[in-house]
C-alpha cells in the first residue's frame, strides 16, 4: 500500500485527490499539508492528520508520495522540501519556471527520489501533447490556444508551455515566429494565446498550418473527474522512478 499525503486539500483538485486516495484500495492517506486548515482543526474528517510544515509531515506521517496541488507560490518549495525528505512528489500545480524545473531535476537525481510533474493529469491532454509532437515534424508552422476558467492566474498554462517545449524538442527548431501585438506569448518559438473566461474549465487547441490546409488538435476537460485516472497513474508510477519526469505523456507509453 502506498502512503500518500496531499498538499492543498482545500482546493477543488486537492479535495478530488483526497477522495481518490481515500477510496483507492492501493493507497493510504496519511496526512494533508495545509497551514490555514490546521489553524481550525487537527484532523481532516476526524481521521487524517493536518500538518503545517513538511518536516513534521515527513517525520510523523512518513508518506511515500506527496500529491502537490497548492499554488504557483508554494509549489516549488513544497516539491523541493519533499525531495529533500525522501518523499516522491507528484505535482499537478502549474507555475514552475524552467529554472525551477532544472533545479528540481538536479535535486531528484542527486537524491534518487522520483518526481513527476504533470501540469495536466488528463490522459487526453497527455495524448494531445504526443500527437502534437508527431505532427510538428511534418507541419512546423503551429500555434497554441489554451482556454481556462477565469480563476486560473498563471498564463500561459503549464500544459500549453510543456506542449510547446515538446514540439520544439521533436522538431529541433527553436526559431521564434513573427512577434508583435496580439501574437501571443512565445514559448520555444511557438506563439501561445491564453483565454480566461467564466464557464470554461480546461481546453487546448494546437493549430498546424500548411499550404491549402489546417490541422487542428483539440482537447477539452468538462469536469475535474477527467484528472483522476492520470493522478492515480502518476502516484503509482512515481514509486518506480528515481529521477524527475516532466509530463504525464512520458509514463503512458
| note | Rounded to 0.05, the calculated FRET efficiency for the beta carbons of residue 25 and residue 97 at R₀ = 35 Å is 0.40
| note | Compactness summary of segment 113-152: radius of gyration and Dmax from Cα atoms, Å, are 13.3, 38
| query | In a GNM of the chain with a 10 Å cut-off on Cα contacts, which of 101, 192, 87 has the highest mean-square fluctuation? | reply | 101
| request: Return, for the Cα atoms of segment 123-222, the radius of gyration and Dmax in Å, separated by a comma. | output: 12.9, 38
| query | Over all distinct Cα pairs, what is the inverse of the mean 1/r for segment 187-253, reported as the Kirkwood hydrodynamic radius in Å? | reply | 15.2
| task | Quick one: work out the % antiparallel among DSSP beta bridges in the chain, nearest 5. | result | 45
| message | To test your reading of the geometry: what angle, between 0 and 90 degrees and rounded to tens, separates the Cα axis of helix 228-237 from the longest principal axis of the chain? | response | 70
| note | For the chain, the longest principal axis of the Cα atoms and the Cα long axis of helix 98-111 enclose an angle in degrees, to the nearest 10, of 50
| field | Relative pair counts by distance (%), Cα atoms of the chain, 5 Å bins | value | 1, 6, 14, 17, 19, 15, 12, 7, 4, 2, 1, 0, 0
| GNM top mover of 122, 188, 94 - the chain, alpha-carbon springs below 10 Å | 188
| query | Taking Rh as the Kirkwood radius computed over C-alpha pairs, what is the Stokes-Einstein D of segment 10-80 at 37 °C in a medium of viscosity 0.692 mPa s, expressed in µm² per second? | reply | 261
| query | To one decimal place, what Kirkwood hydrodynamic radius in Å is obtained for segment 74-116 from all pairs of distinct Cα atoms? | reply | 10.1
| query | What is the Cα centroid distance between segment 50-103 and segment 130-168, reported in whole angstrom? | reply | 25
| field | Spin-label zone in segment 209-253 - amide nitrogen under 18 Å from a point set 7 Å from the Cα of residue 152 along the C-beta vector | value | 217-231, 247-249
| task | Indicate, rounded to the nearest 5 percent, the antiparallel portion of the DSSP beta bridges found entirely in segment 26-133. | result | 20
| request: Report the extension gain between residue 109 and residue 84 in nm, rounded to one decimal, defined as 0.36 nm multiplied by the number of residues separating them, less their alpha carbon distance. | output: 7.9 nm
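FYI, it's all coordinate maths here, none of it is from the lab. The model shown is predicted, which means the values in this text are computed figures rather than measured ones. Here the Cβ is made from the backbone with ideal geometry for all residues, glycine too, and neighbour counts use every protein chain on show.
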